[in-house]
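Peer 1: Handing you a structure now.
The values are calculated or read from the model by the stated rules, or taken from the named source; none is laboratory data. Not measured: the values here are computed from a predicted model. Cβ coordinates were reconstructed from backbone atoms using ideal geometry, including for glycine residues, and neighbour counts include every protein chain displayed. The accessibility values were calculated without ligands, DNA or RNA, using every heavy atom of the protein model including side chains. Shrake-Rupley method; radii C 1.70, N 1.55, O 1.52, S 1.80 Å.
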Amino acid sequence: MTGGLLWGLTGLALLDSVNATTIWIVIVILLGAKRPAPTGWAFMLGAAASFLAIAAALYLGLSFAESALDGFGLWVRRLLFAALAAALAVMGVRRLRPRERRGYTLPAWVNAWSALPFGVLATLGDLPNAFPMVLAVERLADADAAAPAALAVLVGYTLVYALPSVLILAAGLAFNAELREQLESMLSGRTSGTAEPSPKAAAACFAGAAASLAVLVFWVG
């Protein structure tokens, strides 16, 4: 396991950590839960534990498939970058027209006891956005590292993934009165009303799609 691989995995983990769904749910818990501290920490435990379990299961599955099928990892990378290019292209098209923002509300059944399984469900529902994690696991499996070392790296990856949400939760609990207005403003501005077309965001998405295709053709292919 080389230093370059670890730095690359760290970059993917940082990209994965900007997880809008988890961050917004943490903010909703801070604003709407009857007991935000136990509810928030239980949610984060469920989200992080399920993320790690999924990553570990994927790593073990890819390692087995790579040993059984020659070139399996190459096809996984091809599929990942093709899917990423398609997803970015679709996002770019959507940014060219107005769209209703999706609101985030805390389900009535979520409390300090049910927040842990809620975190698991939220992580499972957000799997379509887990491209960085899947790519990181594929790179780790391709490195042919020992299983204990690879699983230790995935634990570190999960900690980096959860860090922004944990920091927001901790800050919100410590400075609830001071931050509440700002959090409410952020949530309202991002989850209500209509988002206007954004040619700049669309151009960035199309550029990302083109870059993904270039990687697919010139590096992966």
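Peer 1: Any chance you could give the angle, 0 to 90 degrees and rounded to 10, that helix 176-191 forms with the longest Cα principal axis of the chain?
Peer 2: Orientation of helix 176-191: about 60 degrees from the principal axis.
Peer 1: Taking all protein chains as present, what is the carbon and sulfur share of the accessible area of the chain, in % to the nearest whole number, probe 1.4 Å?
Peer 2: Details: 8310 of 11980 Å².
Of all accessible area on the chain, carbon and sulfur atoms account for 69 percent.
Peer 1: Which of these, Ala56, Ala204, Ala108, has the largest mean-square fluctuation under a Gaussian network model of the chain (Cα springs below 10 Å)?
Peer 2: For the chain, modelled as a Gaussian network with Cα springs under 10 Å, the answer is Ala108.
Peer 1: Here's something else I'd like to know. On alpha-carbon atoms, Rg over Rh for the range 1-47 using Kirkwood Rh?
Peer 2: Taking Rh as the inverse mean 1/r over Cα pairs, Rg/Rh reads 1.21.
Peer 1: Between Gly119, Gly46, Gly32, find the one with the highest GNM mean-square fluctuation for the chain; connect C-alpha pairs within less than 10 Å.
Peer 2: Among Gly119, Gly46, Gly32, the largest GNM mean-square fluctuation belongs to Gly32.
Peer 1: Calculate for the chain the 222 nm mean residue ellipticity that helices alone would give, adding -39,500 (n - 2.57) per DSSP H run of length 4 or more and normalising by residue count, nearest 500 deg cm²/dmol. Spell out each step's value before the answer.
Peer 2: Working: 9 runs with 168 residues, N = 221.
Calculated at 222 nm, the ellipticity per residue is -26000 deg cm²/dmol.
Peer 1: Taking the dipole about the Cα centre of the chain, with the C-beta of Lys and Arg at +1 and of Asp and Glu at -1, give me whichever of Leu15, Phe206, Leu84 is farthest to the positive side.
Peer 2: Phe206
Peer 1: Right, next: Ordered by packing density, taken as the mean number of other Cβ atoms within 10 Å over each peptide's residues, highest first, how do 75-81, 155-161 rank? All intermediate terms of the calculation are to be shown ahead of the outcome.
Peer 2: Details: 75-81: 17.1, 155-161: 19.1.
Those peptides, ordered most packed to least, come out 155-161, 75-81.
Peer 1: Hey, what did the chain get for relative contact order, percent, Cα under 8 Å, at least 6 apart?
Peer 2: Numbers: 246 pairs, mean separation 97.1, N = 221.
Once divided by the residue count of the chain, the mean separation gives 44 percent.
Peer 1: Please report, in cubic angstrom per residue, the volume enclosed by the convex hull of the alpha-carbon atoms of the chain.
Peer 2: In the chain, the Cα convex hull volume per residue is 134 Å³.
Peer 1: Follow-up. Could you do me a favour and compute the accessible area per residue for the chain, 1.4 Å probe, result in Å²?
Peer 2: Numbers: 11980 Å² over 221 residues.
Per residue, the chain has 54 Å² of solvent-accessible surface.
Peer 1: Once the Cα atoms of helix 115-125 and of the chain are each reduced to a long axis, what angle between those two axes, in degrees from 0 to 90 to the nearest 10, is obtained?
Peer 2: The angle comes out near 50 degrees.
Peer 1: Taking square-rooted eigenvalues a ≥ b ≥ c of the alpha carbon gyration tensor, is the range 137-189 rounded, prolate or oblate, where a/c under 1.5 means rounded and, failing that, a/b exceeding b/c means prolate?
Peer 2: Here the range 137-189 falls in the prolate category.
Peer 1: Among Ala82, Ala177, Ala49, whose mean-square fluctuation peaks in a Gaussian network model of the chain (Cα, cutoff 10 Å)?
Peer 2: Ranking Ala82, Ala177, Ala49 by mean-square fluctuation puts Ala177 first.
Peer 1: Roughly what angle does helix 20-32 make with the longest principal axis of the chain, taking Cα atoms, 0 to 90 degrees, to the nearest 10?
Peer 2: Long axis of 20-32 versus the principal axis of the chain: about 20 degrees.
Peer 1: Any idea what the dipole of the chain comes to, in debye rounded to 20, about its Cα centre with Lys/Arg Cβ at +1 and Asp/Glu Cβ at -1? All intermediate terms of the calculation are to be shown ahead of the outcome.
Peer 2: Details: 14 positive and 12 negative charges, 141 e Å.
Value, rounded to 20: 680 debye.
Peer 1: Go ahead and run the numbers for FRET between Val18 and Ala207, Cβ-Cβ distance against an R0 of 22 Å, rounding to 0.05. Kindly include the intermediate steps, with their values, before the conclusion.
Peer 2: On the way: r = 18 Å, r/R0 = 0.82.
The pair Val18/Ala207 has a calculated efficiency of 0.75.
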